[in-house]
Amino acid sequence: MSGNSTAKSIVNTGSGKLTITSASGGSLTLDSNTGSAISAIGDIEINGGSVYAATTADNASAIESMTGSVIISGTANVTANAVNGYGAAINAAVNVNISTSGNVKAATEAGYSLKASAINITNGVTELFFDINGGGGAYNVTNPSFSGANTRVYANGLQIYPYIAATLKVSFQNRVTPSAANIEKLMVKWISGNAVVAEEMVTADQNGESEAKIPMLNTGLTIWVKGERSLAASQYVGTVQNGNVINIGTLPCGDSNGDNIIDLNDFNTFLNSYGYSSNMPGFNQFADFNNDGVVDLNDFNIFLINYGKTGAQLPSGYSPSAMSEVFINEELKEMTVNDTNSGSGCNMGILALALFMLSSAPLLRRK
């Protein structure tokens with residue numbers, strides 16, 4: 001490759017390696033509407049120049065090795081974009097190996113940015129950007145290999161590597177520790193200045209503990225944590241070392257729809273779920289505020305204590321990521337968005353009357 005070149009696609013139907021290189025800093029633009037922009041039966045290696053490979057074909061991968069690996073090395077700068085459907089930006093039957101000193105951007109609509117049996121990102125200066133537009137993911141493997149002191153990996157603008165591992169500890173109202181009731185998903189976001197710089201979903205164990213991955217931007221960080229049924233809490237943590245324990249304290253519960261406010265919407269969800277237990281059709285786990293498997297007066301008491309409270313806020317202008325949106329129960333979120341009253345007419349007298357009605361009437365539904 002020399003100079004600036006354009007084409008629809010490059011296809012290697014043989015079993016040998018397809019190599020794309022440029023010693024003089026040339027560029028190659030490939031834009032396919034019928035299949036992959038770069039495809040081969042065997043290995044594909046891009047080791048120099050700037051390559052833009054995009055496909056608009058439904059569910060097609062931008063770069064695909066059908067039986068081998070995709071290797072991006074040398075000084076290559078690569079952008080791979082699978083525009084429509086579930087195709088991966090870079091797809092390999094064996095490995096995706098990225099060791100270039102340049103930058104790589106892998107974008108997809110609803111597939112994986114990188115898809116392979118193993119993914120290895122190794123270099124001192126590589127920047128890898130995942131751009132996930134729909135319901136896809138950054139990669140399909142459980143444990144991709146990231147290494148290199150200066151390697152930076154981003155997903156939708158948020159840094160996911162490198163990171164420091166620490167222990168996050170939370171507690172919930174009216175839950176004994178240790179207890180299975182403490183097993184709950186947590187959304188964790190890291191804030192630097194006025195920007196969310198990293199986020200992840202973790203699951204607290206019986207002790208309310210989980211591993212937190214803290215971005216290497218390890219100066220002046222604030223952690224923001226929200227449970228499935230709780231309001232969010234935030235805490236300035238400053239600088240964190242590997243193995244540190246970050247104790248967030250007790251998360252106030254009663255938020256059944258994930259909007260970070262405890263109001264009439266949550267009360268209505270509770271009323272509709274009152275008397276149900278986890279072994280009954282129609283049980284709503286998000287109304288079970290103490291996570292004991294039954295929606296009863298104990299849950300109402302938790303709600304009553306926290307009614308009117310709002311959780312810790314994120315920086316103004318922050319837009320939830322696809323990961324955050326998945327965290328919110330979709331049906332309940334829609335109910336909240338469409339409810340024009342938003343609990344503004346509720347008062348403690350109404351809640352007290354509801355408490356009297358609930359406590360003086362037998363359970364309508366049995367365990």
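Taking helices (runs of 4 or more DSSP H) that fall entirely within region 250-367, which contain at least 3 residues that are modelled with pLDDT of 60 or more and not hydroxyl-bearing (S, T, Y)? Please lay out each step first, then the result.
Working: elements: 264-273, 297-306, 322-327, 330-338, 348-360.
It comes to 264-273, 297-306.
Please enumerate the residues belonging to region 36-55 that are farther than 18 Å from V94 by Cβ and either surrounded by fewer than 16 Cβ atoms within 10 Å (Cβ to Cβ) or among the hydrophobic types (A, V, I, L, M, F, W, C) (or both). Break it down into steps so the answer makes sense when it comes.
In the first step, residues of region 36-55 are kept if they are farther than 18 Å from V94 by Cβ; the result is 37, 48-55.
A37, V51, A53, A54 - these are the residues of region 36-55 that are farther than 18 Å from V94 by Cβ and either surrounded by fewer than 16 Cβ atoms within 10 Å (Cβ to Cβ) or among the hydrophobic types (A, V, I, L, M, F, W, C) (or both).
Do you know which residues across region 110-136 are within 17 Å of T79 (Cα to Cα), at pLDDT below 80 and within 21 Å of the chain's Cα centre (by Cα)?
E127, I132, N133
I'd like to check something: does region 172-184 contain any residue that is surrounded by fewer than 20 Cβ atoms within 10 Å (Cβ to Cβ), touching a Lys or Arg at 6+ places or on another chain (Cβ under 8 Å) and under 30 Å from T269 (Cβ atoms)?
Scanning region 172-184, I find at least one residue that is surrounded by fewer than 20 Cβ atoms within 10 Å (Cβ to Cβ), touching a Lys or Arg at 6+ places or on another chain (Cβ under 8 Å) and under 30 Å from T269 (Cβ atoms), so the answer is yes.
Within region 233-243, can one find any residue that is in the same structural domain as T167 (by TED's automatic domain parsing), hydroxyl-bearing (S, T, Y) and closer than 22 Å to I183 by Cα? Working first, answer last.
Residues of region 233-243 in the same structural domain as T167 (by TED's automatic domain parsing): 233-243.
Now narrow it down to the ones that are hydroxyl-bearing (S, T, Y): 234, 236, 239.
Those still in the list that are closer than 22 Å to I183 by Cα too: 234.
Scanning region 233-243 turns up at least one residue that is in the same structural domain as T167 (by TED's automatic domain parsing), hydroxyl-bearing (S, T, Y) and closer than 22 Å to I183 by Cα.
Name, by its number, the condition in (1) at pLDDT below 90; (2) within 23 Å of the chain's Cα centre (by Cα); (3) not acidic (D, E) that does not hold for Q241.
Checking Q241 against (1) at pLDDT below 90; (2) within 23 Å of the chain's Cα centre (by Cα); (3) not acidic (D, E), the one that fails is (2).
Pick out the one residue from S117, S101 that is surrounded by fewer than 22 Cβ atoms within 10 Å (Cβ to Cβ), over 22 Å from S36 (Cβ atoms) and of a type in the set (S, T, Y). Outline the logic, then answer.
On the way: S117 fails: over 22 Å from S36 (Cβ atoms).
Exactly one of S117, S101 is surrounded by fewer than 22 Cβ atoms within 10 Å (Cβ to Cβ), over 22 Å from S36 (Cβ atoms) and of a type in the set (S, T, Y), namely S101.
The values are calculated or read from the model by the stated rules, or taken from the named source; none is laboratory data. Bear in mind that the values here come from a model prediction, so they are computed numbers and not experimental data. We place every Cβ from the backbone using ideal geometry, glycine too, and count neighbours over all the protein chains shown.
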